[in-house]
Amino acid sequence: MAAKLNDQLRKRIVCDLAAFATPSEVADLVRQEAGVDVSRQSIEAYDPTTRAGRNLTTKWRVLFEEARAAFLRETSSIGISHRAVRLRRLEALYRAAADKGDLVVAAELLEQAAREVGDCFKGRRHIPAAPETYRPRSLAEFYADVANGKEPVCGTTGRKLSDFYN
């Protein structure tokens, strides 16, 4: 397989993989554009983030890292990647659906907007801050309290363990 790939094709493969294209997508592109059949496994060897690409030469690894960084910088210039743009477009769609009397679509768009505002798609969870007086307890302190007849306290939150079971 490697004999069929010139440096220009290899560069294209590395850059496409850096832009989060799958090996199957890249294989299809190479087949369509260059007429060369390359297996997904051979293409995966050009992705240093995978096990197959762990031995990728420095030349291609550096190109991959530069292309990945450039791709991530470019995504910030895509309008729909920003929440305000998505909300504005959802609002326009909602108004159009409401004007047409399509209440089902309007309700779905409202729900979508609520999820968008509520960080539903960010994968973030709100974890309340611990009190300022809180200090994590060691396991020795925990067992000392139990031995002295004190009610055990959670080492993470500082709350009594009985609070979790009531």
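Structure above, values below:
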read-out	value
Residue in region 32-46 that is outside any helix (DSSP H, G or I), β-branched (Val, Ile, Thr), surrounded by 12 or more Cβ atoms within 10 Å (Cβ to Cβ) and within 26 Å of the chain's Cα centre (by Cα) present	no
Residues being within 13 Å of residue 117 (Cβ to Cβ) and free of Cβ contacts under 8 Å to residues at least 12 places away in the same chain - total across region 74-89	2
Spans of helices (runs of 4 or more DSSP H) in region 62-166 with at least 3 residues at pLDDT below 80	139-147, 161-165
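The values are calculated or read from the model by the stated rules, or taken from the named source; none is laboratory data. The structure presented is a predicted model; accordingly, all values stated were derived computationally and were not measured. Note that each Cβ is placed from the backbone with ideal geometry, even for glycine, and that neighbours are counted across all protein chains shown.
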